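Take a look at the structure set out below.
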Amino acid sequence: MTAEKANPLADLDIQLESTAEQVAAALREAIIDGRLAQGTYLRETALSERFNVSRNTIREATQILVGERLATRRMHRGAYVSRLGADDVHDVYRVRRLIELPAVKAVPKLDRDELRSAVRALAHAIEVDDRRAIADADLRFHRGIVRGMESERLEGLFEGLEGELRLCMALVGGSYPDLDGTLRDHGRILSALDEGDGVRARELLEGHLEGAERGIAGVLALREAHPTAE
C-alpha cells in the first residue's frame, strides 16, 4: 500500500484565510467604526469592483457577516448592515448574563493575571482616549471571565456576541459608556476575585452588566424616538 493510499487526507490542502474572510474582515471593521452606517446596502457589484473579487466572493463575505449578525440578508434584495435598537441590546445582555454570571463564580479557574492585564490596558486606553483599544480591553476582561468555565462552546458563544457588542459601543460613541465607572467596576470585580469571594464578584458583575445594558439601550431608545437627534 502506497503512502498516499494509507493517508486518505494526503491530497487535501487548506488556506489559512480565504479571500471572502479577508473581505468580511474589512467590511466588519468599516461597520464597527461607523464608515458603513446601519441599513447600508452592501451592493455586490460595487464591492466586487472595490475589492477586485468576484460577486460570489462578496456574497460569501456578507454571509459571514450575516452569521455574526452584523448584516441582514433580505430575500431577493441582498445584504444590508444590520440595525441595532434597544430591544437588540436587551437580548444581547440577556445572553451575556447566562454566560458570564456563572463563570465569575469559578474563582480558582480564572486567570486573574490576565484580568489584571486587561484592567491595566483599559486604564491606559481611557487615558489616551483610544476608543478601539477601550473596546478591546473591555471585551478582553469579560472574555477572560468566560474562559473560567473552561468550555469552548461558551467561549464561542461569547465570541459570537463580540461583533454586536463592538457595534453597540460604536453606535453610542461618546454618549456611553461611563468609562471611569467601567474601569472601577472591573477593578472591584477583580478585587473580589483576588479575595476568593465569587459570590461578591457575581453581584458586582451583575450590577456592571445591568448598568451597561441600561446605558446603551437608553441611548439607542432615545435615538429611535428622535431619529434626527445626534
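Values for this structure:
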{"read-out": "Contacts under 6 angstrom Cβ, first residue in the range 13-27 being under 15 Å from SER54 (Cβ atoms) and hydrophobic (A, V, I, L, M, F, W, C), partner modelled with pLDDT of 60 or more and part of a helix (DSSP H, G or I), 6 or more apart", "value": "ALA20/THR57; ALA20/GLU60; ALA20/ALA61; VAL23/PHE51; VAL23/ALA61; ALA24/ALA61; ALA24/ILE64; ALA24/LEU65"}
{"read-out": "Residue in the range 57-65 that is surrounded by fewer than 16 Cβ atoms within 10 Å (Cβ to Cβ), touching a strand residue (DSSP E or B) at 6+ places or on another chain (Cβ under 9 Å) and modelled with pLDDT of 90 or more present", "value": "yes"}
{"read-out": "Residue ranges of helices (runs of 4 or more DSSP H) in the range 116-214 with at least 1 members closer than 22 Å to ARG69 by Cβ and touching a residue at least 12 places away in the same chain (Cβ under 8 Å)", "value": "131-146, 152-172"}
{"read-out": "Qualifying residue in the range 105-113 (condition: assigned to a helix (DSSP H, G or I), in contact (Cβ under 8 Å) with a residue 60 or more places away in the chain and either touching a Phe, Trp or Tyr at 6+ places or on another chain (Cβ under 9 Å) or among the aromatic types (Phe, Trp, Tyr) (or both))", "value": "no"}
{"read-out": "Those residues of the range 42-62 which are in contact (Cβ under 8 Å) with a residue 40 or more places away in the chain and not small (Gly, Ala, Ser), in sequence order", "value": "GLU60"}
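The values are calculated or read from the model by the stated rules, or taken from the named source; none is laboratory data. Quick caveat: nothing in here was measured; it's all calculated off a predicted structure. Note that each Cβ is placed from the backbone with ideal geometry, even for glycine, and that neighbours are counted across all protein chains shown.
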